[in-house]
Amino acid sequence: MASIKDVAAEAGVSVATVSRVLNDHPSVSADARARVLAAVEALGYRPNAVARSLRTDQTRTLGLVISDVLNPYFTTLARSVEEEARALGYSVIIGNADEQPDLQDHHVRSLLDRRIDGLLVSPTDGGSPLMLDTARGGTPMVFVDRWIPGVDVPVVRADGRAAVRDLVAHLYGLGHRRLAIVAGPAATTTGSERVEAFREALAEYGLPLPDAYIGQGDFQAESGRRVTDTFLDLAEPPEVVFAADNLMALGALDAVRARGMRVPGDIALAAFDDIPWFVHTDPPVTAIAQPTGELGRAAVRALVDMIEGRPPQSVTLAARLVVRRSCGEPAAPTATSAQPPVTNRSTS
């Protein structure tokens, strides 16, 4: 491979002049710049990224630790992160935590050892001492999708509360009154927040959320099957299963079909995190869609702002309800069909 000395000899200039051209320094004549660039092209010279990082204390590399690479939501998120980073002149190294805090910390350590310029993380829980130390230690870091409460780090996330209210309104309008949830891990902000949003939305309609209708999942399909089986074994099973992520929804669908039951004829199904597969299931699944691509792009922009000395901003985007056929066909609309009972509304 050609070296910087080879380029200097080819162009008839000093190594220092070549360095100034490659770093876009203004104190180089137009003629010398043209000869250096021609030599770079002719020799196929590629700057040594490691050597450059030692000189500039930057690697132009970002780290991304996602919770589960097999989850289509995080796959889409990672793709948008990589695309936006590339557009801004950065590369990305990705680590898959697989919903395991120890594996998450392993990837964070490895990325820091590689001298990344900044770190994007979707935390698997809120109790990692390494994550807290990294946030306090000066490494530019942004939480995306999930976050650790009380840690002074910018957060880029979607707010699903309004979409969950829209979902409950839709279900209530279809006549459903017994609604259950397959919850994500309570140690994650998304796991706890979605249960709380569901409970609050039900309360607006005077509907309870009994303990028996809250099943603890782990954002994996198998937990969706297990929890749904538990719901279906109840003396009074729910009329609706709301899975707090897409993989648990697919597991719930498997559990229903394994019993020879039909969706939505025997039980309705809805999910948080819309994915392309839901269009192709039978029936297509009603889901809450997050603006995943924009979340990834906004997270990169916030992180690059930190790296380049600009004030970063937390970003909250709105999720939205996508109605399909897995909860039933709506009846003819009436003025009050999907409105909460007036007596249950707050007067404050």
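The values are calculated or read from the model by the stated rules, or taken from the named source; none is laboratory data. Predicted model, so just to flag it, every value in this text is computed and none were measured. No Cβ is skipped: glycine too gets one built from the backbone with ideal geometry, and neighbour counts run over all protein chains shown.
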Item checked: Filtered residues of segment 122-160 (kept if in contact with a helix residue (DSSP H, G or I) (Cβ under 8 Å, 6 or more places away or on another chain), without any contact (Cβ under 8 Å) to a residue 60 or more places away in the chain and either hydrophobic (A, V, I, L, M, F, W, C) or over 22 Å from ARG297 (Cα atoms) (or both)) -> SER128, LEU130, MET131, THR134, TRP147, ILE148, PRO149, VAL151, VAL153
Item checked: Residue selected from segment 156-191 under the condition in a helix (DSSP H, G or I) and touching a Gly at 6+ places or on another chain (Cβ under 8 Å), by the criterion farthest from ALA135 (Cα to Cα) -> GLY191
Margin query: Looking at segment 196-223 only, could you name the residues that are of a type outside the set (D, E, K, R), assigned to a loop (DSSP other than H, G, I, E, B) and either closer than 21 Å to ARG262 by Cβ or out of contact with any strand residue (DSSP E or B) (no Cβ under 9 Å at 6 or more places or on another chain) (or both)?
Written below: TYR205, GLY206, PRO208, PHE219, GLN220
Check: Can you pull out the residues in segment 70-119 that are of a type in the set (A, V, I, L, M) and farther than 29 Å from LEU250 by Cα?
Finding: ALA85, ALA87, LEU88, VAL92, ILE93, VAL108, LEU111, LEU112, ILE116, LEU119
Margin query: So the check is Cβ under 6 Å with 6+ separation or different chains; which pairs have a first residue in segment 15-36 that's more than 17 Å from LYS5 (Cα to Cα) and a second one that's assigned to a helix (DSSP H, G or I)?
Written below: VAL28/ARG20; VAL28/VAL21
Notebook entry, point to check: Is it the case that ALA271 is surrounded by 15 or more Cβ atoms within 10 Å (Cβ to Cβ) and either in contact (Cβ under 8 Å) with a residue 40 or more places away in the chain or not assigned by TED's automatic domain parsing to the domain that holds GLY173 (or both)?
Noted result: no
Margin query: With the structure loaded, tell me whether VAL36 is surrounded by 15 or more Cβ atoms within 10 Å (Cβ to Cβ), at pLDDT 90 or above and within 30 Å of ALA9 (Cβ to Cβ) or whether it fails that test.
Written below: yes
Next item on the list: Please go through segment 91-129 and pick out each residue that is among the hydroxyl-bearing types (Ser, Thr, Tyr) and either over 11 Å from LEU64 (Cβ atoms) or surrounded by fewer than 15 Cβ atoms within 10 Å (Cβ to Cβ) (or both).
Entry: SER91, SER110, THR124, SER128
Check: Of the residues LEU232, LEU253, LEU247, which is touching a Phe, Trp or Tyr at 6+ places or on another chain (Cβ under 8 Å) and on the phi < 0 side of the Ramachandran plot?
Finding: LEU247
Check: Which residues, counting only those in segment 1-50, are among the charged types (D, E, K, R) and assigned to a loop (DSSP other than H, G, I, E, B)?
Finding: ASP24, ARG46
Next item on the list: Read through the list (1) buried (at least 18 other Cβ atoms within 10 Å of the Cβ); (2) farther than 18 Å from ALA158 by Cβ, then give the number of the only condition that ALA235 fails.
Entry: (1)
Checklist line | Neighbours by Cβ (under 6 Å, 6+ apart or cross-chain): first from segment 198-225, in the same structural domain as PRO185 (by TED's automatic domain parsing); second β-branched (Val, Ile, Thr) and part of a strand (DSSP E or B) | finding: PHE198/ILE181; ILE214/ILE181; GLY215/VAL182; GLY217/VAL182; GLY224/VAL182
Next item on the list: Looking for whichever is over 29 Å from ALA85 (Cα atoms), touching a residue at least 60 places away in the same chain (Cβ under 8 Å) and either out of contact with any strand residue (DSSP E or B) (no Cβ under 6 Å at 6 or more places or on another chain) or surrounded by 24 or more Cβ atoms within 10 Å (Cβ to Cβ) (or both) here; the options are VAL241, VAL285. Which one fits?
Entry: VAL241
Next item on the list: Could you tell me whether VAL28 is in contact with a Lys or Arg (Cβ under 7 Å, 6 or more places away or on another chain), surrounded by 12 or more Cβ atoms within 10 Å (Cβ to Cβ) and either more than 30 Å from ILE94 (Cβ to Cβ) or at pLDDT below 90 (or both)?
Entry: yes
